1. Regarding the chain, what is the average projected area of its C-alpha convex hull, in nm²?
2. Taking a virtual spin label 7 Å from the Cα of LEU10 along the C-beta vector, which residues in region 49-85 bring their backbone nitrogen under 18 Å of it?
3. Compute, for the chain, the length of the dipole vector about the Cα centre, with Cβ point charges of +1 (Lys, Arg) and -1 (Asp, Glu) only. Units Debye, rounded to 20.
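Read the figures in this text as sums done on the coordinates, not as results from a lab. All values derive from a computational prediction rather than experimental measurement. Note that each Cβ is placed from the backbone with ideal geometry, even for glycine, and that neighbours are counted across all protein chains shown.
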Amino acid sequence: MEPFPVPLALIYLLCGGILGFFWPKVSWRWGLWIAGPVLFFLALSLLFTGQLDIFLKKDLPILLLAISSACLGSFILAWYNQKIK
């Protein structure tokens, strides 16, 4: 099963944006909270399987895309919410 990078980025962007819009004081940190479970399970996977080369080639770009889009979405909509007030 291949991950779809564009829908994944849009889902994380939307979730981060919603949280950033309603709670703008913590802004971009919502992206880290959203991606936290993914980071935890990836760390466990690396710890027990030890396949660092596969992680670096396949999983790291997807992880970086998820974290960056969630942080970007929450930051942008938090900024927008503070602008309209």
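1. 5.7
2. What the label zone holds, given the 18 Å backbone N cut-off, is 65-74.
3. Here the size comes out at about 440 debye.
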